[in-house]
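In what follows, a structure is listed as C-alpha cells, so that the remarks can point back to it.
Please treat every number below as a calculation from the coordinates, not as lab data. Note that the coordinates shown come from a computational prediction; the quantities given were computed from them, not determined experimentally. Here the Cβ positions follow ideal geometry from the backbone for every residue, glycine too, while neighbour counts run over all protein chains shown.
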Amino acid sequence: AGQCGNQIGAKFWEVISDEHGVDPTGTYHGDSDLQLERINVYYNEATGGRYVPRAILMDLEPGTMDSVRAGPFGQLFRPDNFVFGQTGAGNNWAKGHYTEGAELIDSVLDVVRKEAESSDCLQGFQMTHSMGGGTGSGMGTLLISKIREEYPDRIMSTYSVIPSPKVSDTVVEPYNATLSVHQLVENADQCFTLDNEALYDICFRTLKLTTPFPRLHFFMIGFAPLTSRGSQQYCALTVPELTQQQFDAKNMMRAADPRHGRYLTCACMFRGRMSTKEVDEQMLNVVNKNSSYFVEWIPNNVKASICDIPPKGLKMATTFVGNTTAIQEVWKRVSEQFTAMFRRKAFLH
C-alpha cells in the first residue's frame, strides 16, 4: 500500500521469485525440486505453468505502479491486481482513510476477495506500508480494518516503516504515524517495524557502504565572483557576497535551476585570504535560511574548505560543487529532444 509499501513489495517479490527459481516472466527455471516445494504459498499456477504472485498493489496515484510495472519483475504481477487512484493522498492521513482512500477501497476489497476465494486454505494477509505518508498509513489501515471485518479469524501481519527520528520526509509524519498506530493496535496481529535511519546506520556502520547512491554522481559546478570587467571595480569582494553568488543559478555552469530541486550534498572551495570562522558562519547561514532546499536525511551535507592562495587576478574566489536533484531538468531536456528527433527518425539510416 502506498509508494513505500509498493517499493518494498516489489523488492520482496524479486527475492522470493529468485529463491523459488521463477524468472521475470513467471516461468520456473530452477535447478532443484526443493524450489517448487510450497511454491503455492505465495504463487498461483496459471495456464502454461506460469506462476503468478498472490499480490495486490494499491496506491492513490499511478506513479509508483508505473515504475513497478517498468521494473525487472513488473510483468510477473496480474494486471487486474494493480488498483490505483489518480489524485494521491498528499501525505495526508485523513485523505487516505476517509476521502480518497474510502472511494477506492471497494475495488481493492473486490480483488482481495478474488484472491482469498482462489486459495484452498487462507492463512492470513501480509501488508507492507509506511506509517508516515498518506496512502500507506491512512488507506493501509483502512484496508486492514475492512479485512478484519470480513476475515476476523485470519492472521493480519504488517511490515510497517516507522518515521525515524532524524530522517524525515514530511513535516506531518508524527500525526500520520500516531493515527496509524491506533489502528494497528486494534486490527493487526503482528507488526514488523522498520525505520529508515536504523537501516541507513546498518548500511553505513556495519556494511561499510559509504556511498548509498553510487549512480547519483552528476554534480553541478558554480564559480564566484562572476562580474563584467566594467563593473568589477564597483563590487566589494566579501565572503558573504561570494557565498551568496556561488549558490545563485546565474553562476551555475549548467542550465538547471537549483531551486527546482534539493541538494543532497555540496562542497565549496574558497580561495584567498579570509577568516575560517566567517566562512563557516556564512555557510551555516545559507543552510539555515534555505533548509527546504537541502535533504534532511543526510546530516552535515555542506562542506567548506579554504586555500590561502587566490586565483591569478583575483583577491578571493570560490568554486562550488553540488549534487542536486535539479539535474533532472537536464536529463528531461535531453530526453525530450531525443524523443522529438527519434519520433521522426531524424538522421537515422
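What the table below lists for this structure:
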| quantity | calculated |
| --- | --- |
| Rounded, prolate or oblate (a/c below 1.5 giving rounded, otherwise prolate when a/b exceeds b/c) for segment 222-329 by Cα gyration tensor | oblate |
| Within segment 58-153, chymotrypsin sites (Phe, Trp or Tyr not before Pro) in DSSP loop having at most 14 other beta-carbon neighbours inside 10 Å | Y98 |
| Convex hull of Cα atoms in the chain, direction-averaged projection (nm²) | 25.7 |
| Antiparallel DSSP beta bridges within the chain, percent to nearest 5 | 45 |
| Packing-based exposure ordering (other Cβ within 10 Å, fewest first) of R273, R148 | R273, R148 |
